[in-house]
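Reviewing the structure listed below.
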Amino acid sequence: MKQEEITQRLFRFIKNSPTAFHAVREIGRELERAGYKALKETDAWEIEPGGRYYVTRNDSSIIALNMGESIEERRFRIVASHSDSPAFKVKENAELEFSDRYIRLNTEGYGGMICSTWFDRPLSVAGRAVIKEGDGFCIKLVDLDRDLALIPNVAIHMNRKINEGYAYNKQVDLLPLFGGKDCEKGDFKALIADELGVSVEAIYGSDLYLYNRQEPSVWGAYGEFISSPRLDDLQCAYAALQGFLGTQGNKREKERSGGGAVNVYACFDNEEVGSGTKQGAGSTFLHDVLKRINTSCKGTEEDYYRAVAGSFMISADNAHAVHPNHPEKTDARNCAYMNEGIVIKSHAGQRYTSDAVSIATFKDICDRAKVPVQFFANRSDEAGGSTLGNISSGKVSLSAVDVGLAQLAMHSAYETAGIKDTGYMASAIQEFFFFD
């Protein structure tokens, strides 16, 4: 796929994925177009050789399986990313009135966002709602998809020290303005109900989030950069999906020597808040799916442990690029640049799961794919972040490597990355699924 084409497809995917629920829906749609069959965790599974399946949990995490034609000597090749990004969640009692002049939305922070980047931007609301239908309930996704709210800055005349550093209070400074004098209490929920075509009384619950409406863009002297909301981690989630699906119809698919492997694509929710939920990488979701594959294929307990021991996972979550104004923030040698290849991340304290064996394995994959690699380690005097690789390994212990794509302004409402790197990741992931 050409660079321009995969970039525009990435942009469409991000625009259609204002929340983790929408991202998983979009991933599911692409899988279904490629012939994947939906499974439910509540049903009995009948897994067949050559079968293609996917299953979701909480509508916000998804795992897809390409069984391959031979499953006699099972092992799993897994790529994992995450569907969530830092945002502001709308509280159940959503409206805050002030002086009969304003109505604000009552929100709380989800994940570690850069607060200042959320000011003075057009925002909307999306998520899911639980609707009462007769004696039961159904879940519907909602996206109001218009400029609906804005978090206004305080004018510099009223806050003279704003450019000297400011500690933002999420309950005071970051509440979005929703309506003026003509707006009435109850209008927000009425908007949601109208969008869904139901009565207000039918809405029994909701998970709703603010999202940035700014359009993704290609920019730079030679169009070398991309900027968009939610690049962390939808850029990796999308690139990994394209690599996963790219094996199908490829003439190498039937020739692959590792025919006994099950190819697995996973995209987990809640990485930004620690992954410790029923649908996060720290949950039993991946373990449950792999165990059920083994059981459905008539494997024994011993077969499962042997399969996991011979398996490998790529944890794909974006990485920090060297900042042009602050190069001192990164290690002098183990640092990454946009458009210069996939970033292999390592950490002595195991915030990243990479080790010598998994790094060598991934480097070999990239060599075969003709994709450049680079390395990232935190400064030794900085704590740095972590990701889902070592968290998921606590439930399914296998060899794994943490990688990502270099970006600037991670956790900003509008992030920046390199235009070449999405294609690099897709190519490496495709090669991985042919890897023996």
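Quick one: which of K181, K161, K140, K185 is open to solvent by 40 Å² or more (accessible area, probe 1.4 Å), of a type outside the set (S, T, Y) and modelled with pLDDT of 95 or more?
K140
When the stretch 378-391 is examined, which residues are found to be in contact with a His (Cβ under 7 Å, 6 or more places away or on another chain) and either in a helix (DSSP H, G or I) or more than 10 Å from R351 (Cβ to Cβ) (or both)?
L388, the sole residue that qualifies.
For L245, state whether it is more than 19 Å from M410 (Cα to Cα), at pLDDT 95 or above and buried (at least 18 other Cβ atoms within 10 Å of the Cβ).
On the way: more than 19 Å from M410 (Cα to Cα): yes; at pLDDT 95 or above: yes; buried (at least 18 other Cβ atoms within 10 Å of the Cβ): yes.
Yes; evaluated as a whole, the condition is true for this residue.
Being in contact with a helix residue (DSSP H, G or I) (Cβ under 7 Å, 6 or more places away or on another chain), within 21 Å of D233 (Cβ to Cβ), open to solvent by 20 Å² or more (accessible area, probe 1.4 Å) and of a type outside the set (S, T, Y) is the filter here; which residues of the stretch 27-69 pass it?
Correct list: E30, R57, D59.
Could you go through the stretch 395-405 and let me know if any residue there is at pLDDT below 95, on the phi < 0 side of the Ramachandran plot and among the polar types (S, T, N, Q).
So far as the stretch 395-405 goes, yes, one or more of its residues are at pLDDT below 95, on the phi < 0 side of the Ramachandran plot and among the polar types (S, T, N, Q).
Can you say whether G341 is open to solvent by 20 Å² or more (accessible area, probe 1.4 Å), within 20 Å of the chain's Cα centre (by Cα), on the phi > 0 side of the Ramachandran plot and of a type outside the set (V, I, T), as far as the supplied structure shows? Break it down stepwise before answering.
Details: open to solvent by 20 Å² or more (accessible area, probe 1.4 Å): no; within 20 Å of the chain's Cα centre (by Cα): yes; on the phi > 0 side of the Ramachandran plot: yes; of a type outside the set (V, I, T): yes.
No.
Looking only at the stretch 96-112, how many residues end up being more than 16 Å from L150 (Cβ to Cβ) and either under 22 Å from the mean Cα position of the chain (by Cα) or crowded, with 17+ Cβ neighbours inside 10 Å (or both)? Step through it out loud before you land on a result.
The initial filter retains those residues of the stretch 96-112 that are more than 16 Å from L150 (Cβ to Cβ), namely 97, 99-100, 108-112.
Add one more test, that the residue is either under 22 Å from the mean Cα position of the chain (by Cα) or crowded, with 17+ Cβ neighbours inside 10 Å (or both), and what stays is 108-112.
Residues meeting the conditions: 5.
Here are I359, I365: which of them is more than 17 Å from the chain's Cα centre (by Cα), part of a helix (DSSP H, G or I) and closer than 19 Å to L241 by Cα?
Working: I359 fails: closer than 19 Å to L241 by Cα.
Step by step, each of I359, I365 is checked, and only I365 is more than 17 Å from the chain's Cα centre (by Cα), part of a helix (DSSP H, G or I) and closer than 19 Å to L241 by Cα.
If you go through the stretch 369-384 one residue at a time, do you hit one that is closer than 19 Å to F435 by Cβ and open to solvent by less than 40 Å² (accessible area, probe 1.4 Å)?
Restricting attention to the stretch 369-384, the residues satisfying the condition of being closer than 19 Å to F435 by Cβ are 369-373.
Then keep just the ones that are open to solvent by less than 40 Å² (accessible area, probe 1.4 Å); that gives 369, 371.
Yes.
Which numbered condition in (1) touching a Gly at 6+ places or on another chain (Cβ under 9 Å); (2) open to solvent by 40 Å² or more (accessible area, probe 1.4 Å); (3) part of a strand (DSSP E or B) is the only one that A400 fails?
Here A400 clears every test but (2).
The values are calculated or read from the model by the stated rules, or taken from the named source; none is laboratory data. Every value quoted in this text rests on a predicted model; they were computed, and no experiment measured them. Positions of Cβ are generated from backbone atoms using ideal geometry, with glycine treated the same way; all protein chains shown enter the neighbour counts. Heads up: the accessible areas ignore ligands, DNA and RNA and are worked out on the full protein's heavy atoms, side chains in. Shrake-Rupley method; radii C 1.70, N 1.55, O 1.52, S 1.80 Å.
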